[in-house]
Amino acid sequence: MEFGEYTLVTGQIPETTASVEFDSRKVIPGSVFVAVKGFNSDGHSFIKPALEKGASVIVVDENDCTNSDDELKEIAEPFGACVIKVKDSRKASAYLAAEFFGHPENKLHMIGITGTKGKTTISFMIRDILETAGRKSGLIGTVCDIVDGKKLKADHTTPEARDNYELLKKMTDCGSDACVMEVSSQGLKLDRVYGIEYEIGCYTNFYEDHIGGNEHPDMQDYLNCKLKLFEQSKTAVINMDTPVSAEFFVKAEQCGCQIITYGLSDGCDVQAYNLENGMKDGRAGTYFDVTSPWYSGRLFVAIPGEFNVYNALCALAAAFLSGVKLDAVEKSLASIEVPGRLQPVKNELGITILVDYAHNAASLDNVLDTLKKATDKKVITVFGCGGDRSHTRRFEMGEVAGNKSDFTIVTSDNPRTEDPSVIIGHIVSAIEKTKGKFTTVPDRAEAIYEAIKTAEPGDIVLIAGKGHEDYQIFKDRTIHFDDAEVAADAAAKILEERK
């Protein structure tokens, strides 16, 4: 196994390697343990535990390791282990994982998506289009990872480098020829995607988010990290209707990318116009005309809202650049479902039930604006706010719901260590100032049932806040809870009650 540039501190590099790990708990005899400094813990503090579990090689960062060479020798030599020092252990972790797993990234058509919003929806759209076109494809993202058609739990939007490469290897092993990946700003900042060259890199939009704490110190750092995607991309797909689009365009030019622009404004390579809310095969969505280098005509995307037209433009650009034909694009966009992103819940009550991840004021405002335009009937909103999170969010979301919902049912989200009634009280205090109609039902399942029971034919019930999550966290327990499942069961129960 090649280790790149390094300084040998002690020992000899073994001929074989059992695994590459950055988590000492996963080390097995013969592993290479790469010590990486994180926000909450430092891998350099777990060198001895890794050795005790059988690590044969320890890789340390010359800038983060607090042990001197003599101390490293003293720790490692009793175990007969090798210690290597590198300039950047994060990049080394990615390099070594790529080596260990046989560079699967080079065997896949890689498509990366970055931006504040839309990454999940676009990634599901692109993968679905590719699958519809007969191309077996994997996905790495926020909601889940998908390998061989199976959904796997995702801990991060963009996993650590070692886990990324393992997922890519699994994709190649099962015959996939493409991977669609959400590339977060943290993933770029922390070199989780180091060594991956994307055939297509997509930029969606840029809003204030992920500032402070262990994330980005300011908006400029956040932007700079997003821009890094084009350093690893052959083709750049850029939304030109955002305040910082020009910076992404210039970055793509500097990186020598082929550039494809999209948006609703004139001059975009892929442009949508004549947007019209509508229904197709029982699904609410948007009809729009599109002009592009590959196709000009009218399409339908089965998720409502202007922002989902933007998502569709990005997805179809990436799909056409990947060699997909029009019929697959049309068929996929007209039937697309994204977990927790205006996800429809089938029912026979004559109402529209949608589950969405909107968990802050801006997202809720955007979704409610979209739904109010999509119906001349009522929009009933069910939502709560998470405990142990910003209190400001509660008042802001309450104000939005009060102003833009026809009726709101305030309930629990993930109260965590807080008293659910206190959180609900904060939300209510904001709604009361708006004069909006509301009630409170603390039990989330009961709240969803009441919202659906209250709805009349043509109404829209929006269940907001948790989206794709399949759990609910309380102070003393975590339970299984899926908004879409609960809503489907409630709709079926109500239908039976009315017979």
Under 5 Å between amide hydrogens, which residues at least 5 positions from residue 34 or on another chain qualify, with H placed 1.01 Å from N in the peptide plane?
21, 22, 59
Quick one: 3J(HN,Hα) in Hz for segment 362-377, Karplus 6.51/-1.76/1.60 with θ = phi - 60°, rounded, Gly and Pro as x.
4, 5, 5, 4, 4, 5, 5, 4, 4, 6, 5, 6, 8, 8, 9, 9
With a Förster distance of 25 angstrom and the Cβ-Cβ distance between residue 478 and residue 346, calculated FRET efficiency to the nearest 0.05 equals 0.35
For the pairs 119/493; 435/475; 117/373; 226/325; 53/170; 48/91, note any where the Cα-Cα span goes beyond 24 Å.
119/493; 435/475; 226/325; 53/170
Length-normalised contact order of segment 268-368, Cα under 8 Å, at least 6 apart, in percent, tallies to 19 percent
³J(HN,Hα) computed for each position of segment 188-197 - Karplus, 6.51 cos²θ - 1.76 cosθ + 1.60, integer Hz, glycine/proline x:
6, 5, 9, 6, 6, 10, 4, x, 8, 9
According to a simple spin-label model (label point 7 Å from Cα along Cα-to-Cβ), what is the distance in nm between residue 376 and residue 296?
3.4 nm
Counting Lys and Arg as +1 and Asp and Glu as -1 over every other residue whose Cβ sits under 11 Å from the Cβ of residue 178, the net charge comes to +1
In percent, how large is the relative contact order of the chain, given Cα pairs closer than 8 Å and 6 or more residues apart?
10 percent
When only Cα pairs under 8 Å and 6 or more residues apart are kept, what is the percent relative contact order across segment 168-310?
15 percent
Over the chain, the sum of -39500 (n - 2.57) across DSSP H runs of at least four, divided by residue number and rounded to 500 deg cm²/dmol, gives at 222 nm -10500 deg cm²/dmol
Label point distance in nm, residue 439-residue 289, each placed 7 Å from Cα along Cα→Cβ:
4.7 nm
What does the highest-first list of 422-435, 461-474 look like by mean Cβ count within 10 Å?
461-474, 422-435
Compute the acute angle (0 to 90°) between the alpha-carbon long axis of helix 89-100 and the principal axis of greatest extent of the alpha-carbon atoms of the chain; round to the nearest 10°.
90 degrees
Would you mind computing the Rg to Rh ratio of the chain from its alpha-carbon coordinates, Kirkwood style for Rh?
1.01
Please turn the phi angles of segment 424-437 into ³J(HN,Hα) values with the Karplus equation 6.51 cos²θ - 1.76 cosθ + 1.60 (θ = phi - 60°), one per residue in order, whole Hz, x for glycine and proline.
4, x, 4, 5, 4, 4, 7, 5, 4, 6, 8, 6, x, 6
Rank these for me by crowding, 46, 22, going from fewest to most other beta carbons within 10 Å.
46, 22
In nm, spacing of pseudo-spin labels at residue 220 and residue 23 (7 Å Cα→C-beta vector)
3.7 nm
Taking 0.36 nm per residue of separation between residue 453 and residue 492 and subtracting their Cα-Cα distance, the length gained on full extension comes to 13.0 nm
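Since every read-out is calculated from the coordinates, none of them should be taken as a lab result. Nothing here was measured: the structure is a model prediction, and the numbers come from that model. Counting neighbours? That spans all protein chains shown, and the Cβs are built from the backbone with ideal geometry, glycine included.
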